[in-house]
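Data first, discussion second: the structure below is written as structure tokens.
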Amino acid sequence: MSELRFVRMGYGADRVEYQAAWDEQRRVHAARFADEIPDTCLLLEHPPVYTAGRRTSDSERPLDGTPVIDVDRGGKITWHGPGQLVGYPIMKLPRPVDVVAHVRRLEEALIRTCAEFGLETSRVEGRSGVWVLGEPKADADRPAFGGLSLDLDPRLHDEEFDPRLNGPEYAPSNAGQRREDRKIAAIGIRVAKGVTMHGFALNVNPDNTWFDRIVPCGIRDAGVTSLANELGSALTIADVLPVAERHLADILENTEPRPRAVEPAPATVESTPAQPAPAA
């Protein structure tokens, strides 16, 4: 691929309002589609904002009526805000577009970014984004049955369990204390006219309690975390930004994306009218 251009739109005191960044995304998208500019990645930090992808259900939104911006990306509801590095890679992909392969490339770049700071992260089967895996529970830690020791976790029995209604011990921001899987980077994209929009959000040092008002990404049995929280350090966006840029460039510039494989249509056998049998 050609060289990836990075544009640092603003962070810290220069955080970029979500609507302004969305408008810039659309402008850059149009220019990339017209081949007026190379592949471009916008990097920035937002003031606090909730955004909801097309698959977000009403039950996943804030219960207190906090405003949410509905956007045209995939995925569900999430939060952006201070302490979170947001990246919008706007790239032209070959057709037919392989969206999953593009997501995997972004995940790999962020996994390598976290590793450089000493944090091992991973993917979770069936879920996008980058995760810190929880610890598997030993049998001794599982709920006991019978008598006064009965202590059932409602999350195991109720698909509609809502952590927002059941106390801080079930809040997404406390997933690490529960030894559950926790997401450190969310990914949600849209591909229009073969060009990508939206992208990723890497939690560097945000206040994760912002996620407790929603069901982040529509996932009820896991939570969220950050680099600073997992490492116990005071990392900042300024620390992580150049490292993320380097790994994004390495992955996105040196990978040759290929079109999604298309299975050939099964051959059709044309039937011919039956011929009359020859006379005996």
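The values are calculated or read from the model by the stated rules, or taken from the named source; none is laboratory data. The structure displayed is predicted, hence computed values, not measured ones. Heads up, the Cβs are rebuilt from the backbone with ideal geometry, glycines too, and the neighbour counts pull from every protein chain shown. To get the accessible areas, we keep the full protein, side chains included, count just its heavy atoms, and leave off ligands, DNA and RNA. Shrake-Rupley method; radii C 1.70, N 1.55, O 1.52, S 1.80 Å.
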Which numbered condition Phe200 misses (of (1) open to solvent by less than 20 Å² (accessible area, probe 1.4 Å); (2) modelled with pLDDT of 95 or more; (3) in contact with a helix residue (DSSP H, G or I) (Cβ under 6 Å, 6 or more places away or on another chain); (4) not in a strand (DSSP E or B)):
(4)
Within region 63-89, which residues are touching a Cys at 6+ places or on another chain (Cβ under 9 Å) and at pLDDT 90 or above?
Lys76, Ile77, Thr78, Gly87, Tyr88, Pro89
Assigned to a helix (DSSP H, G or I), touching a Leu at 6+ places or on another chain (Cβ under 8 Å) and open to solvent by less than 50 Å² (accessible area, probe 1.4 Å) - does that describe any residue in region 204-226?
no
Name the residue, out of Glu60, Glu116, Glu107, that is closer than 20 Å to Arg182 by Cβ, among the charged types (D, E, K, R), crowded, with 20+ Cβ neighbours inside 10 Å and modelled with pLDDT of 95 or more.
Glu107
Could you grab me the full set of residues in region 72-98 that are crowded, with 20+ Cβ neighbours inside 10 Å and hydrophobic (A, V, I, L, M, F, W, C)?
Ile77, Trp79, Leu85, Val86, Ile90, Met91, Leu93
For region 190-219, what are the residues that are closer than 21 Å to Asp58 by Cα and either touching a Phe, Trp or Tyr at 6+ places or on another chain (Cβ under 6 Å) or among the β-branched types (Val, Ile, Thr) (or both)?
Thr209, Trp210, Phe211, Ile214, Val215, Ile219
